[in-house]
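To keep things clear, I will list the structure first and then write my remarks on it.
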Protein chains: 4
Amino acid sequence: MPQTPTHKTAILLLNCPDRKGIVAAIANFLLQLDANILHADQHQDRDLSLFFTRIEFTLDPTRCSEDHFRATFAPLALQFHMNWHLHYTDTRPNVAIFVSSYLHCLADLLHRHQSGELPCNLALIVANHPDAQPLADFYRIPFHLLPVTADTKPQIEARQLDLLQHHAIDLVILARYMQVLSPDFVRAYPQRIINVHHSFLPAFTGARPYHAAFARGVKLIGATSHYVTADLDEGPIIEQDVTRVSQNDQLAGLIQKGRDLERLVLSRAVRWHLNQRILSYANKTVVFT
Amino acid sequence: MPQTPTHKTAILLLNCPDRKGIVAAIANFLLQLDANILHADQHQDRDLSLFFTRIEFTLDPTRCSEDHFRATFAPLALQFHMNWHLHYTDTRPNVAIFVSSYLHCLADLLHRHQSGELPCNLALIVANHPDAQPLADFYRIPFHLLPVTADTKPQIEARQLDLLQHHAIDLVILARYMQVLSPDFVRAYPQRIINVHHSFLPAFTGARPYHAAFARGVKLIGATSHYVTADLDEGPIIEQDVTRVSQNDQLAGLIQKGRDLERLVLSRAVRWHLNQRILSYANKTVVFT
Amino acid sequence: MPQTPTHKTAILLLNCPDRKGIVAAIANFLLQLDANILHADQHQDRDLSLFFTRIEFTLDPTRCSEDHFRATFAPLALQFHMNWHLHYTDTRPNVAIFVSSYLHCLADLLHRHQSGELPCNLALIVANHPDAQPLADFYRIPFHLLPVTADTKPQIEARQLDLLQHHAIDLVILARYMQVLSPDFVRAYPQRIINVHHSFLPAFTGARPYHAAFARGVKLIGATSHYVTADLDEGPIIEQDVTRVSQNDQLAGLIQKGRDLERLVLSRAVRWHLNQRILSYANKTVVFT
Amino acid sequence: MPQTPTHKTAILLLNCPDRKGIVAAIANFLLQLDANILHADQHQDRDLSLFFTRIEFTLDPTRCSEDHFRATFAPLALQFHMNWHLHYTDTRPNVAIFVSSYLHCLADLLHRHQSGELPCNLALIVANHPDAQPLADFYRIPFHLLPVTADTKPQIEARQLDLLQHHAIDLVILARYMQVLSPDFVRAYPQRIINVHHSFLPAFTGARPYHAAFARGVKLIGATSHYVTADLDEGPIIEQDVTRVSQNDQLAGLIQKGRDLERLVLSRAVRWHLNQRILSYANKTVVFT
């Protein structure tokens, strides 16, 4: 069904207790607004009796404004006890990238953003090392160097939070940022901080996972992107991937192969988040790909 | 939502031209029958403006019989020009396996069937070589030895078709059956014959694909399961998988690694077909996994 | 280089401290025996300064008997402090399979053995449940039912060890055998017991790994084959593989997908072991594939 | 075996007719020069009776210069009819990258080069579109814009060849360069031009492979890196990889997923070539990874 150029595209992402009639209620609601469904995905967790859905649709803003949609959908959401999130795709989320001195994930994200793969406004890069400055300059992203020591960490986090608030940041990406964020920082951005851990979690949590994988003699190494929670390396997993290693791969080989995995799993997680494809519950994620 | 033991589970699989109101119409129909949706998947082909859905649900047979469902759904299906297929999971499809002298796919399917992984009635095995007889006997599946020569092919196919009709066969699995079926045979079972081809189609169509892959020096070999059409190796692809090879794999190594792929892609295709997860159109498949 | 039919094929597998002259010494030794090298692989662990090699060759038994080879190679081995293992491929190792009530790995191994993929003498199946008996009978492998309770475990292990010794067993395969072997049992067969663990080790050690993986919300599940040591799930890893899962895979789906992985990683480990492709050291394996 | 800092590392890559005594001859040669073998790989093609090896070693340049090595190895090479290539790792090959307007492979190669992953001198970038200029400038690689039309192609190729000769280029990388090179150009750089084709060759040769893959309904898409020969898309395959697609991936999704594959298979091929890991024969490659 072709859509007229004046139509807007929106994504409705929600979960609620599962019961009869949800699909019909939502479908009837959208039909009555004359919305055009482009994609619809749903999932049911039978153990927890939960219902999840993501619906992408277009509608005529002259017939139904975003405010009107929200106002008329709210009673229905209340009736079904929905957690819901509505996103119009002409609004680009504001994103901050945190980085240290490993630059492969940053360079990858910057190139993907420039190529149009990541629909967001890259508002700033925060680094505790100066190495990323030239890349930030090349891609014209404001760069903030905020070195962290054990003593200054509270003050630096306060400045980081100021920056995030000032730029109305919706998503923070930890692109191999080698500092552990405090629980207070994490709580300020629930389900809105994405980290990449360089192992196939839950194997090899903590520091130096490639060293640990090499010592254990695994035959595949992995990387994991996840939402950050107060429990280090324990947040909801978004994406994982692995690659084969052998005795021919010494530690340096693992690290090199791992970089490619880190780039892939982090960029997928970011793209899915920006495309409103992820719902998180019970420390897991539902990803509508 | 727990379901009472007397409820029946059914799967509705359909496609139709895409237009507004389809989801609402189906959802309202199921709600009015007091059906419980267990899973729902949908897909839209925007280029061709087609809508596809698979809905798994339970309902109370004392309130709505299968006949009643069919009778009341038919007008709605007509209105939306649906191709639709309704399957109650307490009805087990009748399946025939055709095999020659390579037995790995047959042995795999028989073990999976016995383990409960393939919800069907394995009604018969048809072979043009006697090698499969002991396996058939062990798993107690009726075995029919029908050797084929160029001269006898038409008569043998006639006898095969008789057997299929006599056993009311719903699905034919070609488990490395080394005879090409005639167009007439194929036309008698549209989208109901699944073959495994031992290459990553469309690479290496035709005979001896491992030899061709070895000669070309590929770095991955593959296998493909597909519905059989009158055009050899050109039917809709259901599943593909690959595995890595290197100079260390001589031709025999490719063949051995390939056997594992063949088992996997064929058994997945069969399970998905039996679970009503596949819709075929425009020589492609939509697979709701 | 074609080999005459009277030639025998042998495999020399060894490791030793790395130093100059090893390769030359072995190559000169084989050349002087007029041996034909078919394959040669080597590996060096630079951190530990260790040298590993696997050489497959043919030689004329009328010019050099196995005894003669061993007698003349011994001084060279002593000089380089080699751990070495010589295997003539016309000698088939004796293998025992231990199994409980999950039969998918057993069925797979039996079919592969019958197909000629596993060069060994399958001497016996030991089970603590009767379910495997029909498969054992079909493939004509002697079957020993030895149920184990906490009380009887020492006596049963003694009987198992008697059976292994009586049949001169070279390799024990734990094909989803659900009993933990005692350290004494394990020590009797160092690097000669292969187990399959149904997770991507070291993630999810211990019991019910699929349940743990499901609870953690991983996006890939794995399986691991490894040599058994006295530390449960901590032995040298031989092979691992993974497959993708999503929210559509409930626990039962993980278990079903996992069965395919278990079959693959266990059968590969067994085949590599029988083909003398594995050297184990420092709780790791070197696998010459 | 630790090596003193004054030692040089070299790689010997060769193939020759297989016969007894090759390994011993090479090992004795290196031993007599007091060389330290770091890695050694070998391969035998039994069908063609060919022997391949790659040996990485260190040696003391004050005891054996490169000239001395070449002079003393030459008679041995002659005796065994070897094609051989000796490379000292302190010599960095000169590399040219050709690119059009798709920049993902170029950006990836430039970042990898800067990170130290690609041991070469990136001497120049040749483009037929201006889009790559900013990236070239950022990484400070000389950039040559040479637009090509049907009429000017011969002159432009002449200028390109001049540039390659002027910079003593050892390897040309076609990083999604959308022009077909003439047979004369290709013949000037045998086994020294690496291309990435955006399909799993030999499936979907020619133009617009993602469109063809989408039309055929494949379940995996791939990418292939290969040496360029006069037969388009028919040169020796170096590396291939694939990723899964489904009905959810429209054409744009295939192209986006494919970009990640292209980066991976091209960068692996380049790294292996620069590390002297590839031998090519009979339109195949032997890759010692």
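The values are calculated or read from the model by the stated rules, or taken from the named source; none is laboratory data. Just so you know, these numbers come straight off a predicted model, no measurement behind them. Glycine also receives a Cβ, built like all others from the backbone with ideal geometry; neighbour counts cover every protein chain displayed. For accessibility, only protein heavy atoms count, side chains too; no ligands or nucleic acids. Shrake-Rupley method; radii C 1.70, N 1.55, O 1.52, S 1.80 Å.
Would you mind pulling out the separation of the Cα centroids of the range A:12-34 and the range B:199-246, in Å? Between the Cα centre of the range A:12-34 and that of the range B:199-246, the gap is 43 Å. Judged by the mean number of other Cβ atoms found within 10 Å, the most tightly packed of the peptides A:43-49, D:209-215 leads the ranking D:209-215, A:43-49.
For peptide C:23-31, the mean count of partner chain Cβ atoms within 10 Å of a residue's Cβ comes to 6. Just so you know, the averaged projected area of the alpha carbon convex hull for chain B sits at 17.5 nm². Taking the label point 7 Å along Cα→Cβ, B:Asp231 and its counterparts in the other copies are spaced 2.5, 5.4, 5.8 nm apart, in ascending order. Report the one residue of A:Leu38, A:Ala71, A:His144 whose Cα lies farthest in the direction of the positive end of the charge dipole of the range A:1-150 (charges on C-beta: Lys and Arg +1, Asp and Glu -1; origin at the Cα centre). Going by the Cα projections, it comes out as A:Ala71. In this simple spin-label approximation, B:Glu234 and C:Asp67 carry label points 7 Å from Cα along the Cα→Cβ vector, and these lie 6.8 nm apart.
Normalised per residue, the accessible area of the range D:131-287 is 38 Å², obtained with a 1.4 Å probe and no contribution from ligands, DNA or RNA.
In terms of Cα atoms, the Rg and Dmax of the range D:1-150 work out to 20.5, 58 Å.
Each chain gives up part of its surface: D and A jointly bury about 1600 Å² of accessible area, both sides summed, for a 1.4 Å probe.
Dipole check for the protein assembly as shown: with +1 at the C-beta of Lys and Arg, -1 at the C-beta of Asp and Glu, and the Cα centre as origin, the magnitude is about 0 Debye. Average projection, convex hull of the Cα set of the range D:8-88: 4.7 square nanometres. The other copies place their B:Phe138 label points at 0.4, 6.1, 6.1 nm from this one, listed shortest first, where each point is 7 Å from Cα along Cα→Cβ.
So which residues in the range A:230-254 end up with at least 40 square angstrom less accessible surface once the other protein chains are there, compared with the chain by itself, probe 1.4 angstrom? Listed by number, the residues meeting the 40 Å² cut-off are A:Ile237, A:Gln240, A:Arg244, A:Gln247, A:Asn248, A:Gln250.
The residue among C:Ile125, C:Phe204, C:Phe185 whose Cα reaches farthest toward the positive pole of the charge dipole of the range C:91-231, with charges on the beta-carbon of Lys, Arg, Asp and Glu, is C:Phe204. Largest GNM mean-square fluctuation across C:Asn36, C:Asn121, C:Asn28, computed for chain C with C-alpha springs under 10 Å, falls on C:Asn28. A:Lys284: which lysines have alpha carbons under 17 Å from its alpha carbon, excluding same-chain residues fewer than 8 sequence positions away? By straight Cα distance, A:Lys284 reaches C:Lys219.
Most fluctuating residue of B:His144, B:His226, B:His167 in a GNM of chain B with Cα springs under 10 Å: which is it? Result: B:His167 has the largest fluctuation of those listed.
Comparing B:Gln32, B:Gln160, B:Gln240 in a Gaussian network model of chain B, where Cα atoms under 10 Å apart are tied by springs, the biggest mean-square fluctuation is seen for B:Gln32. Within the same chain, aspartates and glutamates fewer than 8 places from A:Lys20 are excluded, and of the rest, those with a Cα less than 15 Å from its Cα are A:Asp45, B:Asp34, B:Glu56, B:Asp60. The shape of the range C:113-205 can be summarised by an equivalent ellipsoid whose semi-axes, obtained from the alpha carbon gyration tensor, come to 21, 18, 15 Å from longest to shortest. Take the Cβ atoms of A:Arg92 and A:Arg159, set R0 to 22 Å, and the FRET efficiency comes out at 0.30. Within the accessible surface of the protein assembly as shown, defined with a 1.4 Å probe on protein heavy atoms only, the carbon and sulfur portion equals 53 percent.
In this Cβ point-charge picture (+1 for Lys and Arg, -1 for Asp and Glu), the range C:94-287 has a dipole of about 420 debye about its Cα centre.
In chain B, the beta carbon lying closest to the axis that superposes B onto C belongs to the residue given here with its whole-angstrom distance, B:Phe138, 2.
Expressed to the nearest 5 percent, the antiparallel share of DSSP beta bridges inside chain C is 70 percent. Here is how far apart the A:Asp34 label points are across copies: 3.8, 9.1, 9.5 nm, shortest first, using a point 7 Å from Cα toward Cβ.
With both residues required to sit in the protein assembly as shown, DSSP beta bridges show an antiparallel share near 70%. Using only the alpha-carbon atoms of the protein assembly as shown as identical scatterers, what base-10 log of I(q)/I(0) does the Debye formula give at q = 0.05 Å⁻¹? For the requested q values the scattering log ratios are -0.37.
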